[in-house]
Structure formats: C-alpha cells, structure tokens
Amino acid sequence: MQQSIMSTLPLLLLLLFSSLFPAPSHAWGIHGHLIVCQIAQGRLSDAAAAAVRGLLPSYAGGNLSSLCSWADGVKLRYPWSAPLHYIDTPDHLCSYTYDRDCKDEDSFRGRCVAGAINNYTSQLLTYDATSPSTQYNLTQALLFLAHFVGDIHQPLHVGFTSDKGGNTIDVHWYTRKTVLHHVWDDNIIKTAENDYYGEGVAEFVDALMQNITGEWSQRVPGWEECSKNQTTCPDTYASESIAAACDWAYKDVTEDSLLEDAYFGSRLPVVNLRLAQGGVRLAATLNRIFS
C-alpha cells in the first residue's frame with residue numbers, strides 16, 4: 001500500500017498541511033471519527049492502551065481520538081490513499097464480496113477500505129514494544145487502521161458505484177443543500193448533537209457508551225468476535241454497511257429529495273448503532289493485535 005511514501009514526512013507536518021488544504025468529504029465527519037475512537041479508547045486492554053500510547057506522537061497526549069481524522073487530511077497530499085476509504089459495489093445488488101468489489105478504478109485488487117484494514121492490521125501485528133519496527137511506520141499504520149475501521153461502518157462507504165456512495169445525489173437537509181453522502185457523514189450526527197446533546201460530542205459519546213453497557217450489552221460480544229480466529233473481519237463490517245445503505249440510506253431518496261424530521265428520526269438509530277459498533281470493533285481489533 002505504498003507505506004514507505006508516508007514515512008518521508010513527520011506526522012506533524014502532514015497535520016499542518018491537512019489543516020491548510022482540507023480534503024473533500026469521503027468519511028464520517030470529524031465528530032463521527034472522534035466518537036468511534038473515544039469509544040474504542042475506553043475499551044482498550046492495559047497492553048493495548050500502552051501500545052497505543054507508545055505509538056502515538058507525543059503531542060497527541062496518548063489520545064487516539066485527537067488524530068482519528070488524520071487519514072482524511074492527507075488524501076490530497078497522498079492521492080494513492082483515497083481509494084482506501086471506501087468500497088464501490090454494483091448498483092442495487094445490496095451485497096458485498098471482497099473478490100468482486102475490493103479494487104480501485106484501475107481494478108487494482110485489495111485497494112479498498114477492507115483491504116486497507118487487513119493491510120494495516122498485518123503491519124501492526126509486527127509490533128514489538130522493545131524494538132521499533134524498521135519495516136513499517138507503525139504510528140501511521142495505527143492512525144490509518146483507526147480511521148478505516150470507522151469508515152467501513154459508515155453505510156455509504158459501501159455504496160453504489162454509479163453515485164459514488166451517495167456523493168452525486170443532491171438532496172436538501174432541511175433548508176441546506178448537500179449530498180446524501182454528507183448527510184450520513186456529518187448532518188445526522190450534528191443535528192443529533194444540536195437537538196439532544198447540547199451541541200456536545202462528549203454527551204453523544206456518553207449516551208452511546210451507556211447503550212453499549214446497557215441496552216446493547218448482550219449484543220456486544222457478537223460485535224467483537226471474528227470468525228476463524230481472525231484479528232479483524234472487515235468483510236463482515238462491509239456486508240453490514242451495504243445492507244444498511246440499501247435499507248436506510250438510499251431508501252425513498254431521489255435527486256433533490258427534502259430530508260427532514262422523518263428521515264432524521266428513522267435514520268439516527270442506524271447511525272448510533274454503526275458508531276457504537278465501530279468503536280467496539282476498533283477496540284477489539286487493537287486488543288487482539290497487542291495481546
């Protein structure tokens with residue numbers, strides 16, 4: 001995945017660059033990724049928490065969520081990374097398979113978000129606390145993995161090829177013109193924060209964590225598991241996302257649709273669930289990597 005390219009610049013310079021030249025929206029918005037990483041950080045084992053602290057740059061203060069959107073900020077500087085944020089599936093089939101769908105526009109296999117999760121998980125499995133890696137930049141591998149696990153849980157990151165996951169479907173979110181993809185990246189989350197959480201992402205995180213330990217607690221072990229003792233299972237996450245995209249994101253939406261209370265109220269539970277699953281699964285993946 002051209003990992004060596006990324007090691008030529010310090011992370012701090014890349015962060016400064018990304019703040020000057022923001023990338024187009026292709027992922028959960030900043031708050032979505034922050035929520036996923038904050039949920040994950042609170043569920044790390046002692047060993048995983050120590051490894052994450054050791055890999056993060058010192059200016060992050062051990063806070064993974066502070067850099068969870070870093071991968072979006074470097075897409076313009078490193079265009080090779082752009083296809084790693086999503087999966088395009090055949091229109092209206094509402095299914096995903098790795099061999100068919102995990103490739104970029106040039107049919108380069110493995111260049112999709114599922115392939116990227118597998119790649120950076122494999123890199124992190126070489127971690128040795130007593131000996132820094134000379135083969136990979138594991139700090140960047142951690143930041144990419146944390147971001148991509150969030151991405152793959154956004155339903156329209158596993159969307160239809162013709163509309164680029166809803167990026168070419170113009171809609172109105174209440175009075176604001178936008179695209180369907182951005183509604184799921186950002187608008188639903190921001191509207192929920194404004195309406196229910198006093199415009200605060202911390203309150204949103206707290207509510208989701210209460211559901212994880214309460215209402216959803218019986219389901220959480222199933223979210224954490226991977227079949228065949230795999231470290232991570234992005235194909236499962238992708239299959240869930242395309243199903244949610246068909247059942248909820250695309251449903252009853254056409255060009256220039258007006259999306260208001262009915263759409264928001266019925267889709268917010270789906271967003272809540274996917275954010276929670278992303279955070280739980282990121283933690284489970286990191287716990288297995290660093291066990």
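At-a-glance table
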read-out	value
Extension gain from TRP80 to THR134, taking 0.36 nm per residue of separation minus the Cα-Cα distance	17.2 nm
Region 61-78 versus region 161-223: alpha-carbon centroid distance in Å	20
Most to least packed among 198-205, 224-231 [average Cβ atoms within 10 Å]	198-205, 224-231
³J(HN,Hα) computed for each position of region 148-161 - Karplus, 6.51 cos²θ - 1.76 cosθ + 1.60, integer Hz, glycine/proline x	5, 5, x, 4, 5, 8, 7, x, 7, 7, 10, x, 7, 5
Degrees, to the nearest 10: 46-55 long Cα axis against longest axis of the chain	80
Cα lying deepest toward the dipole's positive end in the chain, options GLY73, TYR196, LEU286, charges on Cβ	LEU286
Positive-end residue of TRP28, TYR136, ILE117, charge dipole of the chain with Cβ unit charges	TYR136
Selection from SER107, SER266, SER241 lying farthest towards where the dipole of region 3-289 points positive, charges on Cβ	SER107
Within the chain: Cβ-based charge dipole about Cα centre, in debye rounded to nearest 20 (Lys, Arg +1; Asp, Glu -1)	860
Local electrostatic count, LYS164, Cβ distance below 12 Å [Lys/Arg +1, Asp/Glu -1]	-4
Distant-in-sequence amide H partners of VAL171 (H built 1.01 Å from N, under 5 Å)	THR178, VAL179, LEU180, ASP256
TYR174 versus VAL253: modelled label distance in nm, points set 7 Å from Cα along the beta carbon direction	1.8
Of LEU275, LEU55, LEU156, the one that fluctuates the most in a GNM where the chain has Cα springs shorter than 10 Å	LEU55
Relative contact order computed over the chain (Cα-Cα under 8 Å; 6+ residues apart), in percent	28
Estimated dipole of region 100-151 in Debye, rounded to 20 [Cβ of Lys and Arg +1, of Asp and Glu -1, Cα centre]	100
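Any read-out appearing in this document is the output of simple, stated calculations on the displayed coordinates, not a laboratory observation. Computed from a prediction, not measured in an experiment: that's the story for all the values here. Heads up, the Cβs are rebuilt from the backbone with ideal geometry, glycines too, and the neighbour counts pull from every protein chain shown.
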